[in-house]
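Structure first, then comments.
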Amino acid sequence: MRQLLLAFQFLTIMPIRVKGDISEKEIAQSAAFFPLAGAFQGLIAILSAFLLLQIFPPEITSGLIILILIISNGGFHLDGLADTFDAIAVKSTGDRETDMERRLSVMKDSTAGAIGVTALVVTILMKYLLISSMLHNYSLFTVYCLLFLMPVFSKWTMIIAMYHGTSARQDGLGKIFLNNVRINTVIFSSLLITVLYISVAELHLLKVYGANSTAVFVVLSVLLYIFSLASVRFCIKKFGGLTGDNLGAISEISEILFLMVATVWLQHYI
């Protein structure tokens, strides 16, 4: 139970504080429950969409859904996205070790550079366009299902990166996850997203899309796993490993990939 509460404490703005001493092992084990924290955000997205569509057109509703999701985790991952892209933009000196130190230093800087701001704008814009397109073109129940699953899958993608990655720093919360997440956490979280997906599929997707809804689950899982592995390799090359900021960036980009795959699937199915 403590690990579940820790997952919500780390990933949402819910006023949850786990009392007592917290070991690094407990912190790392909380990653197994990240998809449940994502499911909570997914429920917020569904409720927001349902209520807002009673008042506003799909375009405005899409923007407000994204805003509410950002608020639900305090913009935690977007901050990591901006810091990561600012660090990537650091020009190379030709010395790998020096470049990595400079990039890590940039990620620690609290100010956002032009590239980081651009990454934020493009990310939010892409989500807006994809969600708005779905609300215009597909049934509301289908969109609700996808809004629910989007943060579930993005949190799972972070776990894959934690398992395969190594820490670029010798301190910080990211190091605890990166150095301690084990295969049992990956297996448990994978079972969680499978159960959550099956639940959603049974409620709506299977009834409407049949076996195609199972196929898209496989495609999404494989694609996001590959994306996570590629991100790990890229970060090791650029930073010597991963940081908490990199994990946040992986989460944000994976949500865009999820929405893009879902959009392509729906277009081809129809």
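Enumerate the calculated ³J(HN,Hα) couplings along region 154-167 in order (Karplus 6.51 cos²θ - 1.76 cosθ + 1.60, θ = phi - 60°), each rounded to whole Hz, writing x wherever the residue is Gly or Pro.
Residue by residue, region 154-167 yields 5, 5, 5, 4, 4, 5, 4, 5, 4, 5, 8, x, 10, 7 Hz.
For L242, enumerate residues with amide H under 5 Å from its amide H, sequence gap 5+ or separate chain, H modeled in the peptide plane.
Amide H neighbours of L242, under 5 Å, 5+ apart: T166, S167, A168.
Summing -39500 (n - 2.57) over the DSSP H runs of n ≥ 4 in the chain and dividing by its residue number, what mean residue ellipticity at 222 nm do you reach, to the nearest 500 deg cm²/dmol?
-25500 deg cm²/dmol
For L4 and S139, what does the FRET efficiency come to when R0 = 45 Å and r is the distance between their Cβ atoms, rounded to the nearest 0.05?
Efficiency, from the Cβ-Cβ distance: 0.85.
Would you mind computing the Rg to Rh ratio of the chain from its alpha-carbon coordinates, Kirkwood style for Rh? Could the numbers behind the result be given before it?
Values: Rg = 18.4 Å, Rh = 19.0 Å.
My calculation of the ratio gives 0.97.
GNM, the chain, Cα, under 10 Å: largest mean-square fluctuation among Q54, Q41, Q29?
Q54
Under 1.5 on a/c is rounded, so check that first for region 25-182, then, if it is not, pick prolate when a/b is larger than b/c and oblate when it is not; a ≥ b ≥ c are the square roots of the alpha carbon gyration tensor eigenvalues.
Values: a/c = 2.83, a/b = 1.58, b/c = 1.80.
The shape class here is oblate.
What is the distance in Å between the Cα centres of region 1-38 and region 183-214?
23 Å
Set Lys and Arg Cβ to +1 and Asp and Glu Cβ to -1, take the dipole of the chain about its Cα centre, and tell me which of S254, T111, F85 lies farthest positive.
S254
Between the DSSP loop rule and a limit of at most 13 other Cβ atoms within 10 Å, which trypsin sites (Lys or Arg not before Pro) in region 183-270 are left?
Here no trypsin sites (Lys or Arg not before Pro) fit, given the DSSP loop and packing criteria.
Given points 7 Å out from each Cα along the Cα-Cβ axis, report the V195 to K19 separation in nanometres with one decimal.
With each label point 7 Å from Cα toward Cβ, the separation is 2.8 nm.
Kindly report the accessible area of the chain per residue (heavy atoms of protein chains, probe 1.4 Å, no ligands, DNA or RNA), in Å².
Per residue, the chain has 47 Å² of solvent-accessible surface.
Can you give me the solvent accessible area of I22 with a 1.4 Å probe, rounded to the nearest 10 Å²?
Per-residue accessible area (I22): approximately 60 Å².
What is the spin-label model distance, in nm, from T111 to R182 if the labels are put 7 Å beyond Cα along the C-beta direction?
For T111 paired with R182, the spin-label model returns 4.5 nm.
Tell me the carbon and sulfur percent of the accessible area for the chain, rounded to whole percent, probe radius 1.4 Å.
Here carbon and sulfur together make up 67 percent of the probe-accessible area.
The values are calculated or read from the model by the stated rules, or taken from the named source; none is laboratory data. Not measured: the values here are computed from a predicted model. Neighbour counts are summed over all protein chains in view; Cβ atoms, including those assigned to glycine, are modelled from backbone coordinates with ideal geometry. Ligands, DNA and RNA are stripped out before the accessible areas are found, and what is left, the full protein with its side chains, is counted by its heavy atoms. Shrake-Rupley method; radii C 1.70, N 1.55, O 1.52, S 1.80 Å.
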